[in-house]
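Engineer: First the structure, which I've put down as structure tokens, then a few questions once you've had a look.
The values are calculated or read from the model by the stated rules, or taken from the named source; none is laboratory data. Quick caveat: nothing in here was measured; it's all calculated off a predicted structure. Heads up, the Cβs are rebuilt from the backbone with ideal geometry, glycines too, and the neighbour counts pull from every protein chain shown.
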There are 2 protein chains.
Amino acid sequence: MKNRSYRRFDEQFSIDHDTLVELISLARYAASGRNMQPLKYFLSSEHDLNEQIFSTLTWAGYLKEWPGPQKGERPTAYIIVLLDHDISDHFLCDDGIAIQNILLGAVEKGLGGCILRAINKPLLSAFLGLADRYEIIDVVALGKPKEKVVITAVKDDGDIRYYRDENGVHYVPKRSVDELIINQ
Amino acid sequence: MKNRSYRRFDEQFSIDHDTLVELISLARYAASGRNMQPLKYFLSSEHDLNEQIFSTLTWAGYLKEWPGPQKGERPTAYIIVLLDHDISDHFLCDDGIAIQNILLGAVEKGLGGCILRAINKPLLSAFLGLADRYEIIDVVALGKPKEKVVITAVKDDGDIRYYRDENGVHYVPKRSVDELIINQ
């Protein structure tokens, strides 16, 4: 319940490699379809590589006037989720399960993050020097959150787009439990 | 770390509808791609409907001689995860995130469950009386676990198939953190 998607961070707060490894040790416990465990992880906590990764990402589609976090507010670590095609060509919902373990672990460490899917995959693959067997699936951006994110109810107009107020507070309209359960 | 995939339950232990609603209230907090929240949920905690749902499921592909939990050890509740095509035709990794919230919540309540994807979808859709807009994505089986599930290391032969010993203990070989991280 404490975990939110964060897109602005305190870039003075660095995250070390060992912290990322601890988060992968949580992802390791995730259920996996047919227990294949075809997902692998590339970790980045170095500034220059972080900047390269950042350049391949598109942020927050609903915030039209916001191009993404500016210098000083960018993620200080990334976990790139990869499908290892030498193991399987399918991963079902494995990535969601594993990433949720990662993000819940991050929150317990006082960190936060955001799942990104709008990725220039060929460019990122080149930056990371990935072998052909690895397909980029998701990017998890991580850092020390520097924004307030508030869950609100979806209004009668049904608009689910997140938005920010004049103070930069980020609001996320969530459907009610009654709307989510079809046989309530 | 406490959450495992359980397939045998104490069928004397029933789960009430309100408990399932509480689990959906956790799924509600899950991140969703473009915040679309296209997933809906059908809840079952009634014996007769549970039996119908059970009849549409295939269990534990690696346990060739085990057709699934026998009477007395079956799930006492189900959460059917549906894609609402009136909202979106895509759900990215939303189901994995939401289901992990559900299962971690279940573990905190002393329950446990298993994600099933081998589903006779036309039959289950008919049993549930689903409108055309709803596509069945996953079935989450829930109950009071009545089996021991142990994580082990994948051996040198790379075999990731889960197995049971002569006492019925269920073992799940998990890849090491070193194998999961490609730039360790």
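Engineer: If the requirement is being in contact (Cβ under 8 Å) with a residue 24 or more places away in the chain and in contact with a Leu (Cβ under 6 Å, 6 or more places away or on another chain), which of these qualifies: B:L128, B:L83, B:L63, B:L116? I'd like the intermediate steps shown before the answer.
Structural biologist: Details: B:L128 fails: in contact with a Leu (Cβ under 6 Å, 6 or more places away or on another chain); B:L83 fails: in contact with a Leu (Cβ under 6 Å, 6 or more places away or on another chain); B:L63 fails: in contact with a Leu (Cβ under 6 Å, 6 or more places away or on another chain).
Only one candidate qualifies: B:L116.
Engineer: Let me ask something else about it. In the stretch A:155-167, which residues are free of Cβ contacts under 8 Å to residues at least 40 places away in the same chain and surrounded by fewer than 17 Cβ atoms within 10 Å (Cβ to Cβ)?
Structural biologist: Here is the first cut: in the stretch A:155-167, the ones free of Cβ contacts under 8 Å to residues at least 40 places away in the same chain are A:155-160, A:165-167.
Passing the criteria: A:K155, A:D156, A:D157, A:G158, A:D159, A:D165, A:E166, A:N167.
Engineer: So, of the residues in the stretch B:63-102 that are more than 10 Å from every other protein chain (Cβ to nearest Cβ) and within 18 Å of A:R34 (Cα to Cα), which turns out to be surrounded by the most Cβ atoms within 10 Å (Cβ to Cβ)?
Structural biologist: Among those residues, the one meeting the criterion is B:P69.
Engineer: More than 8 Å from chain A (Cβ to nearest Cβ), of a type in the set (A, V, I, L, M) and touching a Cys at 6+ places or on another chain (Cβ under 9 Å): which single residue out of B:A60, B:A31 fits that description?
Structural biologist: That would be B:A60, the only listed residue that is more than 8 Å from chain A (Cβ to nearest Cβ), of a type in the set (A, V, I, L, M) and touching a Cys at 6+ places or on another chain (Cβ under 9 Å).
Engineer: Still on this model: Check A:L116, A:L142, A:L124 and return the single one that is away from chain B (no Cβ under 12 Å), of a type outside the set (G, A, S), within 14 Å of A:S5 (Cα to Cα) and buried (at least 18 other Cβ atoms within 10 Å of the Cβ). Can you show your working first?
Structural biologist: Details: A:L116 fails: away from chain B (no Cβ under 12 Å); A:L124 fails: within 14 Å of A:S5 (Cα to Cα).
Result of the check over A:L116, A:L142, A:L124: A:L142.
Engineer: Would you point out the residue of the stretch B:13-22, among those that are in contact (Cβ under 8 Å) with a residue 40 or more places away in the chain and more than 10 Å from chain A (Cβ to nearest Cβ), that is surrounded by the fewest Cβ atoms within 10 Å (Cβ to Cβ)?
Structural biologist: Applying the filter and picking the extreme gives B:F13.
Engineer: Which residue is farthest from the other protein chains (Cβ to nearest Cβ), if the candidates are limited to the stretch B:151-182 and must be β-branched (V, I, T) and not in a strand (DSSP E or B)?
Structural biologist: Among residues in the stretch B:151-182 that are β-branched (V, I, T) and not in a strand (DSSP E or B), the one farthest from the other protein chains (Cβ to nearest Cβ) is B:V169.
Engineer: On the given criteria, is B:R7 at the interface with chain A (Cβ under 8 Å from one of its Cβ atoms), basic (K, R) and buried (at least 19 other Cβ atoms within 10 Å of the Cβ)?
Structural biologist: Spelling it out, it is not the case that B:R7 is at the interface with chain A (Cβ under 8 Å from one of its Cβ atoms), basic (K, R) and buried (at least 19 other Cβ atoms within 10 Å of the Cβ).
Engineer: Of the residues that sit in the stretch B:103-112 and are crowded, with 24+ Cβ neighbours inside 10 Å and either out of contact with any Pro (no Cβ under 7 Å at 6 or more places or on another chain) or on the phi > 0 side of the Ramachandran plot (or both), which one is farthest from the other protein chains (Cβ to nearest Cβ)?
Structural biologist: Within the stretch B:103-112, the match that is farthest from the other protein chains (Cβ to nearest Cβ) is B:A106.
Engineer: Next question. Among (1) within 14 Å of the chain's Cα centre (by Cα); (2) crowded, with 22+ Cβ neighbours inside 10 Å; (3) of a type outside the set (F, W, Y); (4) not in a helix (DSSP H, G or I), there is one condition A:A60 misses while meeting the rest; what is its number?
Structural biologist: So A:A60 meets the others, but not (2).
Conditions (1) more than 11 Å from the chain's Cα centre (by Cα); (2) modelled with pLDDT of 95 or more; (3) β-branched (V, I, T); (4) part of a loop (DSSP other than H, G, I, E, B), marked per residue:
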position: A:Q100; (1), (2), (3), (4): no, yes, no, no
position: A:L103; (1), (2), (3), (4): no, yes, no, no
position: A:V107; (1), (2), (3), (4): yes, yes, yes, no
position: A:I115; (1), (2), (3), (4): no, yes, yes, no
position: A:L124; (1), (2), (3), (4): yes, yes, no, no
position: A:L142; (1), (2), (3), (4): no, yes, no, no
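Engineer: Ok, one more. Those residues that are at the interface with another protein chain (Cβ under 7 Å from one of its Cβ atoms) and either free of Cβ contacts under 8 Å to residues at least 24 places away in the same chain or surrounded by fewer than 17 Cβ atoms within 10 Å (Cβ to Cβ) (or both), I need them from the stretch B:35-57; list them, please.
Structural biologist: B:N35
Engineer: Would you be able to tell me the number of residues in the stretch B:1-57 that are assigned to a helix (DSSP H, G or I) and of a type in the set (S, T, Y)?
Structural biologist: 2
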